[in-house]
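Working notes, beginning with the structure itself.
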Amino acid sequence: MDKVKSEFSYSKFSIILIGIVAFFYILSVGQDIIVPLVFATIIAILLNPFVNYLCKVKVNRVFAILLALTLAILLLGALTYFIINQATMFSESLPEFKKNLLALFNDMILWISRTFNVSTANINEWINNTKGESMDNSSAVIGQTLGTLGGVFVLIFLLPVYVFMILYYKPLLLEFISKLFHPEQHEVVGEVLLESKSLIQSYLVGLLLEAALVATLNSVGLLIIGIEYAILIGIIGALLNIIPYIGGLIAITIPMLLAIATDTPFDAVWVFALYMVVQFIDNNFFVPTIVARKVKVNALVSIIVVLIGGAFWGFSGMFLSIPLIAICKVVFDRIEKLAPLGFLIGDNQPDLGKNFFDIKTHIKKISSKKK
């Protein structure tokens, strides 16, 4: 009997493992289809309250959806135009930036040569070899870049269509979901859908508000320091900051390099200090007040899922990882067998002095049985 149970457990574990591998394989292979659908679903959830309001005031449903989509596209287009306009002005300064960075790089080579007693010829030879290897892989890099740009254009053209269809066929989709479950489960399914919708809406609205505040602080601080294109760099830093933990590290590198190449190294120290202050304010005031209370996901799980999302879907995966894992937590909390996973994802830290396993009591029971 024990042997049968053991074999059953092994087969069950194997099926679960194969299912997990197949799931992640589908996520990787179907990226071009799944990512636009996920983005479109999130945008549709954000626009849904506005569409419902227009329908309540007797506006035709199709026209209401088109109006909501048009306003969203105009707002996104205005932001994109501003960033592209600033980036175009920044590109005019790239030759000077490259010249200053190259001079700084040569000074660094001389410093390394004098400090570590390494000839500059050896350093330059290593750099040239590295460049040669990079050039050998350039065709692959260009191909990947073109593929990424192609995916971006497809995403831009498909998103409005997907969003319109999801909003228009919302009653059909909800009816389909209800038919998948037994009527006794409808209450729990309804709670999951309602909580997931509220979570996405509140989280993304809070995230946009946080990004606006961070962009303002970044831009004002960089303007005071005297960094060129402070507004562009501040906005880019705020957008990168949306990616938890990792984005902030990348965001601080750009203005520091710009400060070193165009001004003085001392300005880079001021930039570093500025971003540390902004990060302190963001992590201790903005995030807990605006964002964290919407999504109860601990930092360890956040970092892991961001890295996994980046490995599978790139930048899109990093952005989508937090709301998706938060929705998973909502589902896990409603299923008894998956509740431990929901607890693991959450940020409810148990007391440090808690006796989790009560090993001493277990040992006493075993000892008493032996006697």
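Quick one: would you say Phe50 is more than 22 Å from Leu324 (Cβ to Cβ), part of a helix (DSSP H, G or I), in contact with a helix residue (DSSP H, G or I) (Cβ under 9 Å, 6 or more places away or on another chain) and at pLDDT 75 or above?
Yes; evaluated as a whole, the condition is true for this residue.
Can you name the residue in region 334-357 that is loosely packed, with under 10 Cβ neighbours inside 10 Å and either charged (D, E, K, R) or touching a Lys or Arg at 6+ places or on another chain (Cβ under 7 Å) (or both) and, of all such residues, is modelled with the lowest pLDDT?
Among those residues, the one meeting the criterion is Lys354.
Might you check whether a residue that is surrounded by fewer than 17 Cβ atoms within 10 Å (Cβ to Cβ), within 24 Å of Leu239 (Cβ to Cβ) and modelled with pLDDT under 80 occurs anywhere in region 304-317?
yes
Kindly state which helices (runs of 4 or more DSSP H) lie completely within region 154-264 and contain at least 3 residues that are modelled with pLDDT of 80 or more.
Correct list: 170-180, 186-225, 230-240.
In the set Val188, Val214, which member is over 29 Å from Thr70 (Cβ atoms) and not small (Gly, Ala, Ser)?
Among Val188, Val214, only Val188 is over 29 Å from Thr70 (Cβ atoms) and not small (Gly, Ala, Ser).
The values are calculated or read from the model by the stated rules, or taken from the named source; none is laboratory data. All values derive from a computational prediction rather than experimental measurement. Heads up, the Cβs are rebuilt from the backbone with ideal geometry, glycines too, and the neighbour counts pull from every protein chain shown.
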